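Have a look at the structure below, then the notes.
The values are calculated or read from the model by the stated rules, or taken from the named source; none is laboratory data. Bear in mind that the values here come from a model prediction, so they are computed numbers and not experimental data. All Cβ positions, glycine included, derive from the backbone under ideal geometry; neighbour counts span all protein chains shown. The protein model used for the area step is the full one, side chains on, heavy atoms only, and it has no ligands, DNA or RNA in it. Shrake-Rupley method; radii C 1.70, N 1.55, O 1.52, S 1.80 Å.
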Amino acid sequence: MTNHEGLPLFSKLIFYGMCGFFVEVLFTAVWYLLDPKYAYGWTLHGCTSLWSFPIYSISTFVTENLYIFLKPKIPLPLRIFVYILWTYLWEYSTGSILRLFNACPWNYESYTTYHVHGLITFDYAPLWALALVLGELVTIKTALRLQYVSKSDKIE
């Protein structure tokens with residue numbers, strides 16, 4: 001008989017960080033393609049900051065725990081609302097800390113008037129909702145299904 005366990009915390013954080021990193025690069029590549037002020041065109045140039053790795057990693061781990069706690073109690077639309085609140089709180093908090101060190105890679109001040117100190121923008125709420133639905137349905141559910149099998153276990 002084999003002993004299967006869920007992913008260790010460190011492995012789960014790496015998985016969530018990689019997923020967030022990938023989505024950020026994908027998002028910026030599509031954004032730069034569609035926005036005429038960028039000249040990247042079909043090169044699909046996407047970029048992000050290394051800070052996004054731990055930011056997405058920790059945020060998705062917290063969202064996973066919210067999912068586990070909230071799923072039996074409230075429907076998906078309400079969970080998404082809670083996830084968006086968490087996301088904005090986390091984006092504002094991490095942006096504020098990074099700004100103290102002149103290291104915040106985002107600033108929405110010139111992008112829109114619907115921002116808070118340039119650290120969060122409400123224009124992105126529909127995009128965050130979509131990302132968080134996919135995050136729950138794909139990323140988090142996948143991570144919860146992944147299993148760690150030790151070397152001493154026999155693969156049958």
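Which value, in Å to one decimal place, does the Kirkwood hydrodynamic radius take for the range 111-156 when every pair of different Cα atoms is included?
On the way: mean 1/r = 0.0720 Å⁻¹.
That comes to 13.9 Å for the range 111-156.
Remark: the range 21-90 carries 64 Å² of accessible area per residue (probe radius 1.4 Å; ligands, DNA and RNA excluded). Highest GNM mean-square fluctuation among GLY46, GLY95, GLY135, for the chain modelled with Cα contacts below 10 Å: GLY46. Using equal-weight Cα scatterers in the Debye expression, the normalised intensity of the chain in log10 at q = 0.15, 0.21 Å⁻¹ is -0.89, -1.45.
Among ARG145, ARG79, ARG99, the sequence by solvent-accessible area, most first, with a 1.4 Å probe is ARG145, ARG99, ARG79.
What is the distance in Å between the Cα centres of the range 69-90 and the range 130-150? Each part reduced to its Cα centre gives a spacing of 16 Å.
Using the Cβ-Cβ distance between LEU50 and SER11 with R0 set to 22 Å, the FRET efficiency works out to roughly 0.65. Between LEU100, LEU144, LEU132, which gets the highest mean-square fluctuation from a Gaussian network model of the chain, Cα cutoff 10 Å? Highest fluctuation among the options: LEU100. Binning the alpha carbon pair distances of the range 1-90 at 10 angstrom intervals from zero yields the distribution 16, 32, 31, 16, 4, 1, expressed in whole percent.
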